[in-house]
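This report refers to the structure that appears directly beneath it.
The values are calculated or read from the model by the stated rules, or taken from the named source; none is laboratory data. For clarity, every value in this text was computed on a predicted model and none was experimentally measured. For neighbour counting, all protein chains shown are included, and Cβ atoms are generated from backbone atoms with ideal geometry for every residue, glycine included.
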Amino acid sequence: MSHQLATLLDEQRRFPPSPEFAAQANAQAGLYDEANRDRLAFWADQARALEWIEPWRTVLDWQPPHARWFDGGKLNVSANCLDRHLRGPRRNKAAIIWEGEPGDRRVLTYWDLAREVNRAANALKALGIKKGDRVAIYLPMIPEAAVAMLACARIGAIHSVVFGGFSSESLRDRINDAAAVAVITADGGYRRGQIVPLKRFADQAVAGCPTIKHVLVVQRLMGTASSEAGATMTPGRDYWWHDLVRAADAKCAPEPMEAEDLLFILYTSGTTGKPKGIVHSTGGYLTQVTATTRWVFDLKEEDVFWCTADIGWVTGHSYVVYGPLANGATVVMYEGAPDWPARDRMWEIIARYGVTVFYTAPTAIRAFMKWGTEHPAAHDLGTLRLLGSVGEPINPEAWIWYQQHIGGGRCPIVDTWWQTETGAIMITPLPGVTTTKPGSATVPIPGISAKLLDAQGHVLEKGGGFLALTEPWPSMLRTIYGDDARYHETYWSRFPGRYFAGDGAKLDEDGYWWVLGRVDDVLNVAGHRIGTMEVESALVDHPLVAEAAVVGKAHELKGQALAAFVILKEGNRATAQLRDDLKDHVARKIGAIAKPDDIFFVADVPKTRSGKIMRRLLKDIAEGRALGDTTTLADPNVVAKLKDQYESEEG
């Protein structure tokens, strides 16, 4: 990477922890010393924060690329998230504060949640569901989603949560891959004022799923909406959740689980197009999500924690359900869209419930920037004391906007790097310890070993390269469900003995990590490696730009050229002059080699329903190829509009 290309992410702004925050922080600098002295003893200490039914014999059995953590130990995840809190003052503490998109609200204390989970667990057992069976969960963001996950964990069933925005085909494929015996769904959910007919989609999926014996249906919709959504029930197969759960006993003994027993399967997209069933086990996963929730979010007894992720994604598993509840936290759950019925919905919720810790995605933050500062300014966000970012690298300017306009300049920001496969946060600032740099995930958490490698696998001390994990960690994936050969090939073949999932990164002179996104997002333009995130950051740095997505397109001379899709802040007009200005702006920020050949002004860019930009489709559009599979797009029409616009501009 040239000197000029490195300058964008050579961020000069520094934000040291305030002495007041540092004095009360859960994480102290000594954690790094402990982990460096004896990594395995350190993780064993973290595991002891949980309640174990039987102690483990071995902290780690590492047979690359397979790890067994806390082998021989037995515990139950549900008991750790619920039962142990019932013996003290947390019994009547709010566990989940829930708000539906239409405005309906519920609060479940730990006592309430435990009773619901126990009843649901008994209801599943009554249907013959047992330890080791797979159960698909296809629900909106309602409390029953957490209840269903915890009920499965209580009886030793393995849950596979499928995001409620996925199509019936996606649900069918995931059910069949896991050979699930039951589906837990709802008659529907609410999204932007519309009803999402989940039961209808589930029926379409189950028609092609021979292993499914039971379908449990939560009644979410109000009034006549349920029948309007087409939630027809098939006798002998389908059951209303409330009928089974209300009739069940409120006491269900937790199943003792081996530390290496499967807790869940979660499907993530693969380069081949076939989703990968990421397998997470019990003891190591719960150890790391519990520890990272405590350190990274600095959770105190009185905190109100809101992670905006859907439970269909790993962030929802780890930091809506398992990590916070294992710590006895109060969690906010919200069902709907961030801009429904108005663009201040998120800030209204923060003010209403006195949220203190807020964890969301850069995609959302850039949307908030685009909508304007008047929306957060209209609400009292004074209860916030810590902010988090997750899902993709955050642009430095988005980081600063978040810090100033949401955090009021007083809240530390924890920019977290991790993956579905890692299970828990891996690289992040520890609030109260780490001086932050906007756009940098800073350093690995204590007990995690990350190295920057060149293409030959040699360790680099600084500069650009590949982000690899060089020692096993407790919450790591154990395999790909039903396809261990693919597990070896996907994660361990590029750098044998070291985990590599495809992210490029830069390591600066302070040892701070700047994650640049997947290496297929690192382009080779006339022999120069250019990270798409670097160019996107330069574009977003322009005062008129709200969001940008950059891809490479084939170029006869350069090999690859840059094409940028740009969304302007509201009230600004796309002109040929502005296009030239933006190209010059990038050249000034990074260097002439990074100047985009093409800039297209768009109303939106194609994203998955989790908010990630689908660069593969943008590349297809930029190069005029046939579009790939668009089933996971939030708005498939966006692709057609962009393709039509591109073709008209080329013509």
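Taking the stretch 23-116 and the helices (runs of 4 or more DSSP H) fully enclosed by it, the elements with 1 or more residues that are among the basic types (Lys, Arg) are at 30-37, 39-47. Among residues of the stretch 327-355 being under 20 Å from the mean Cα position of the chain (by Cα) and either outside the structural domain of Gly88 (by TED's automatic domain parsing) or small (Gly, Ala, Ser) (or both), the one that is nearest to Ala291 (Cα to Cα) is Ala329. Of the residues that make up the stretch 564-574, is at least one in contact with a helix residue (DSSP H, G or I) (Cβ under 7 Å, 6 or more places away or on another chain), closer than 19 Å to Arg625 by Cα and either modelled with pLDDT under 95 or in a strand (DSSP E or B) (or both)? For the stretch 564-574, residues in contact with a helix residue (DSSP H, G or I) (Cβ under 7 Å, 6 or more places away or on another chain), closer than 19 Å to Arg625 by Cα and either modelled with pLDDT under 95 or in a strand (DSSP E or B) (or both): present.
Of the residues that make up the stretch 224-236, is at least one touching a residue at least 60 places away in the same chain (Cβ under 8 Å), more than 20 Å from Leu124 (Cα to Cα) and not acidic (Asp, Glu)?
In the first step, residues of the stretch 224-236 are kept if they are touching a residue at least 60 places away in the same chain (Cβ under 8 Å); the result is none.
There is no residue in the stretch 224-236 that is touching a residue at least 60 places away in the same chain (Cβ under 8 Å), more than 20 Å from Leu124 (Cα to Cα) and not acidic (Asp, Glu).
Asp112 - would you say it is surrounded by 12 or more Cβ atoms within 10 Å (Cβ to Cβ), at pLDDT 95 or above and out of contact with any strand residue (DSSP E or B) (no Cβ under 9 Å at 6 or more places or on another chain)?
Values: surrounded by 12 or more Cβ atoms within 10 Å (Cβ to Cβ): yes; at pLDDT 95 or above: yes; out of contact with any strand residue (DSSP E or B) (no Cβ under 9 Å at 6 or more places or on another chain): no.
Criteria not met by Asp112.
Per the conditions (1) more than 19 Å from Leu244 (Cα to Cα); (2) over 21 Å from the mean Cα position of the chain (by Cα), the sole criterion not satisfied by Arg154 is (1). What number of residues within the stretch 263-318 satisfy the criterion of being within 18 Å of Val162 (Cα to Cα), aromatic (Phe, Trp, Tyr) and either in contact with an Asp or Glu (Cβ under 9 Å, 6 or more places away or on another chain) or not assigned by TED's automatic domain parsing to the domain that holds Ala329 (or both)? Total meeting the criteria: 1. Restricted to the stretch 164-191, and to residues there that are of a type in the set (Asp, Glu) and out of contact with any Ser or Thr (no Cβ under 7 Å at 6 or more places or on another chain), the residue that is farthest from Tyr334 (Cα to Cα) is Asp177. The selection criterion, being of a type in the set (Gly, Ala, Ser), outside any strand (DSSP E or B) and crowded, with 24+ Cβ neighbours inside 10 Å, holds for Ala148.
Results for (1) surrounded by 24 or more Cβ atoms within 10 Å (Cβ to Cβ); (2) over 15 Å from the mean Cα position of the chain (by Cα), shown as yes or no for each residue.
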site: Ile278; (1), (2): no, no
site: Gln288; (1), (2): yes, yes
site: Leu299; (1), (2): no, yes
site: Val304; (1), (2): no, yes
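Inspect the stretch 446-465 for any residue being assigned to a loop (DSSP other than H, G, I, E, B), within 20 Å of the chain's Cα centre (by Cα) and small (Gly, Ala, Ser) and give the result as yes or no.
Restricting attention to the stretch 446-465, the residues satisfying the condition of being assigned to a loop (DSSP other than H, G, I, E, B) are 446-449, 454-458, 461-462.
Okay, now just the ones that are also within 20 Å of the chain's Cα centre (by Cα), so 448.
Okay, now just the ones that are also small (Gly, Ala, Ser), so none.
No.
Across the stretch 462-471, the number of residues qualifying as surrounded by fewer than 20 Cβ atoms within 10 Å (Cβ to Cβ) and modelled with pLDDT of 95 or more comes to 2. Just one of the listed residues (His85, His66) is farther than 22 Å from His280 by Cβ and modelled with pLDDT of 95 or more, and it is His85.
Within the stretch 241-288, being at pLDDT below 95 and touching a Phe, Trp or Tyr at 6+ places or on another chain (Cβ under 8 Å) holds for Pro275, Lys276.
Per-residue answers, yes or no, for (1) buried (at least 22 other Cβ atoms within 10 Å of the Cβ); (2) of a type outside the set (Gly, Ala, Ser); (3) touching a helix residue (DSSP H, G or I) at 6+ places or on another chain (Cβ under 9 Å):
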position: Arg106; (1), (2), (3): no, yes, yes
position: Lys125; (1), (2), (3): no, yes, yes
position: Gly128; (1), (2), (3): no, no, no
position: Arg134; (1), (2), (3): yes, yes, yes
position: Met141; (1), (2), (3): yes, yes, yes
position: Glu144; (1), (2), (3): yes, yes, yes
position: Ala182; (1), (2), (3): yes, no, yes
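When Ile137, Ile195 are checked against the criterion of being among the aliphatic types (A, V, I, L, M), in the same structural domain as Arg246 (by TED's automatic domain parsing), under 28 Å from Val107 (Cα atoms) and more than 24 Å from the chain's Cα centre (by Cα), Ile195 stands alone in meeting it. Taken across the stretch 538-557, residues that are assigned to a helix (DSSP H, G or I), crowded, with 19+ Cβ neighbours inside 10 Å, at pLDDT 85 or above and in contact with an Asp or Glu (Cβ under 6 Å, 6 or more places away or on another chain) do occur, with at least one present. Annotation note: of Val245, Val181, the sole residue that is at negative phi, touching a Lys or Arg at 6+ places or on another chain (Cβ under 9 Å) and either in contact (Cβ under 8 Å) with a residue 60 or more places away in the chain or of a type in the set (D, E, K, R) (or both) is Val245.
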